[in-house]
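To start, the structure under review is shown below, and the notes come after it.
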Amino acid sequence: MKRCELLIVGAGVAGMAAAVAAWDSGCRNLVLADRADRSGGILPQCIHEGFGLSAFGAELTGPDYADRWAAALKRTGVQLLLNTEVLSVTETKTAILSSREGLGELGFERLILATGCRERAVGSLPIAGTRPAGIFTAGQAQALINLRHQSLGRNILILGSGDLGMIMARRFTLEGKRVIAVVEQNDHYGGMARNHHRCIEQYHIPMLYRSTVSEIHGVGRICGVTLTQLDSGRREYISCDTLITAVGLIPERELARGLGDPDWLYLAGNCHRIHQVADSAAAEAEAIGKRIMQEGQR
Ligand SMILES: Cc1cc2nc3c(=O)[nH]c(=O)nc-3n(C[C@H](O)[C@H](O)[C@H](O)COP(=O)(O)OP(=O)(O)OC[C@H]3O[C@@H](n4cnc5c(N)ncnc54)[C@H](O)[C@@H]3O)c2cc1C
């Protein structure tokens with residue numbers, strides 16, 4: 001079985017930043033694996049500007065920001081394995097990999113999980129009614145529009161006013177769609193003020209606070225939702241052909257399940273905690289990449 005000193009799972013910004021830092025700190029037997037066919041993680045679908053202010057002193061798009069980290073990675077000798085999914089990790093420090101060559105094993109001394117996060121799906125929400133076509137998470141919608149150039153609907157309702165919900169409200173508006181409203185259960189938007197200003201205020205998109213979607217209607221395709229005003233209990237039918245849910249991100253730590261808390265396991269980026277900005281995920285991961293090498297020298 002092949003072995004490496006450090007295995008990093010996930011070549012998003014966190015995985016790349018950790019790999020560059022570990023390499024720069026002296027690690028010379030380092031494997032970075034990602035199931036996708038390119039590095040960058042979530043960033044290639046984030047075509048808006050707003051990345052890299054603290055890391056690079058510039059407002060970059062997600063793809064440009066990913067390219068900067070990919071260029072930094074390229075100058076190292078880190079072994080990047082794309083199209084390679086890590087299926088499981090054992091307590092005996094072995095990873096089971098699935099790639100085009102088939103299944104394989106890779107032993108490691110230390111492991112960084114930089115596997116990002118997943119979106120909370122509509123099925124996890126207490127919403128009555130049917131589950132017809134036309135319901136997407138914000139990340140799914142972003143990938144379909146920005147990477148696959150698909151048109152998802154005309155009359156859009158967005159549930160959740162975190163950064164992702166607000167960014168997608170602007171994205172649909174720029175696509176010429178009608179964003180009926182962004183619906184938020186709290187009395188304040190959930191994302192950054194910067195995104196509220198740039199994505200909601202500047203495009204005059206209605207926000208409905210202290211409200212939620214309580215029922216979905218439609219057979220085949222969604223035709224509307226019932227909105228409930230949380231303070232008054234007032235219910236209102238709103239006609240729409242697309243519902244976007246932006247109701248939270250969950251760190252993706254499936255690979256760590258059952259491993260306990262071994263001293264060779266580290267979590268970085270959104271796998272560790274949800275980072276609002278990519279620079280923060282990168283900074284955390286860089287620190288971990290450096291720390292691992294310092295701890296190895298003790
Ligand atoms: C829609 C959206 C908009 C954003 N906008 C901004 C913004 O404007 N400005 C800003 O600074 N930040 C923004 N962010 C935040 C920032 O993009 C993220 O915090 C950061 O990119 C997360 O990086 P990551 O490496 O932790 O995760 P990810 O980018 O998700 O990377 C995780 C990687 O792990 C891989 N992976 C997962 N499991 C496995 C496995 N078992 N085997 C192999 N590979 C695996 C995945 O394929 C993926 O490539 C935004 C985030 C989102 C979602």
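The values are calculated or read from the model by the stated rules, or taken from the named source; none is laboratory data. Fair warning: this is a prediction, and the values are worked out from it, not measured in the lab. Ideal geometry is used to build each Cβ from the backbone, glycine not excepted, and the neighbour counts take in all protein chains shown. Please note that ligands, DNA and RNA were not included when accessible areas were found on the heavy atoms of the full protein model with its side chains. Shrake-Rupley method; radii C 1.70, N 1.55, O 1.52, S 1.80 Å.
Taking region 111-135 as the range and being more than 24 Å from the chain's Cα centre (by Cα), surrounded by 14 or more Cβ atoms within 10 Å (Cβ to Cβ) and assigned to a strand (DSSP E or B) as the test, only Gly129 passes. Write out, first by first residue and then by second, each pair whose Cβ atoms fall under 6 Å of each other, whose residues are 6+ apart or on separate chains, and whose first residue, in region 247-259, is under 15 Å from Arg118 (Cα atoms) while the second is in a loop (DSSP other than H, G, I, E, B) and not basic (Lys, Arg). Partner pairs satisfying both residue conditions: Val247/Gly160; Leu249/Ile274; Glu252/Thr115; Glu252/Gly116. Quick check on region 183-192. Is at least one of its residues surrounded by fewer than 21 Cβ atoms within 10 Å (Cβ to Cβ), in contact (Cβ under 8 Å) with a residue 60 or more places away in the chain and either of a type in the set (Ser, Thr, Tyr) or within 19 Å of Leu227 (Cβ to Cβ) (or both)? Within region 183-192 (the criterion being surrounded by fewer than 21 Cβ atoms within 10 Å (Cβ to Cβ), in contact (Cβ under 8 Å) with a residue 60 or more places away in the chain and either of a type in the set (Ser, Thr, Tyr) or within 19 Å of Leu227 (Cβ to Cβ) (or both)), the answer is no, since none of the residues qualifies.
Scanning region 58-105 for residues that are under 20 Å from Ala256 (Cβ atoms), part of a strand (DSSP E or B) and more than 12 Å from the ligand (Cβ to nearest atom) turns up Thr94, Glu105. Of the strands (runs of 3 or more DSSP E) lying entirely inside region 208-293, those containing at least 2 residues that are open to solvent by 60 Å² or more (accessible area, probe 1.4 Å) and in contact with a strand residue (DSSP E or B) (Cβ under 9 Å, 6 or more places away or on another chain) span 235-239.
Okay, residues lined up against (1) within 22 Å of Gln142 (Cα to Cα); (2) modelled with pLDDT of 95 or more; (3) outside the structural domain of Phe172 (by TED's automatic domain parsing); (4) surrounded by fewer than 16 Cβ atoms within 10 Å (Cβ to Cβ):
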site	(1), (2), (3), (4)
Val13	yes, yes, yes, no
Met16	no, yes, yes, no
Asp24	no, yes, yes, yes
Leu30	no, yes, yes, no
Gly41	yes, yes, yes, no
Gly52	yes, no, yes, no
Thr61	yes, yes, yes, no
Arg75	no, yes, yes, yes
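May I ask you to verify whether Leu152 is in the same structural domain as Ala133 (by TED's automatic domain parsing), out of contact with any helix residue (DSSP H, G or I) (no Cβ under 8 Å at 6 or more places or on another chain) and either free of Cβ contacts under 8 Å to residues at least 24 places away in the same chain or away from the ligand (no atom under 14 Å from the Cβ) (or both)?
Judged against the criteria, Leu152 is not a match.
Residue count for region 1-38 under the criterion of being within 7 Å of the ligand (Cβ to nearest atom) and not in a helix (DSSP H, G or I): the result is 8.
Would you check if Asp241 is away from the ligand (no atom under 16 Å from the Cβ), in contact (Cβ under 8 Å) with a residue 24 or more places away in the chain and either under 20 Å from Met166 (Cα atoms) or touching a helix residue (DSSP H, G or I) at 6+ places or on another chain (Cβ under 6 Å) (or both)? Judged against the criteria, Asp241 is a match. Scanning region 263-289 for residues that are modelled with pLDDT under 95 and more than 14 Å from the ligand (Cβ to nearest atom) returns a single hit, Asp263. A search for C-beta distances below 7 Å between a residue of region 276-296 that is closer than 12 Å to Ala18 by Cα and any residue that is surrounded by fewer than 17 Cβ atoms within 10 Å (Cβ to Cβ), counting only pairs 6+ apart in sequence or on different chains, returns Gly289/Ser25; Lys290/Ser25; Met293/Ser25; Met293/Gly26.
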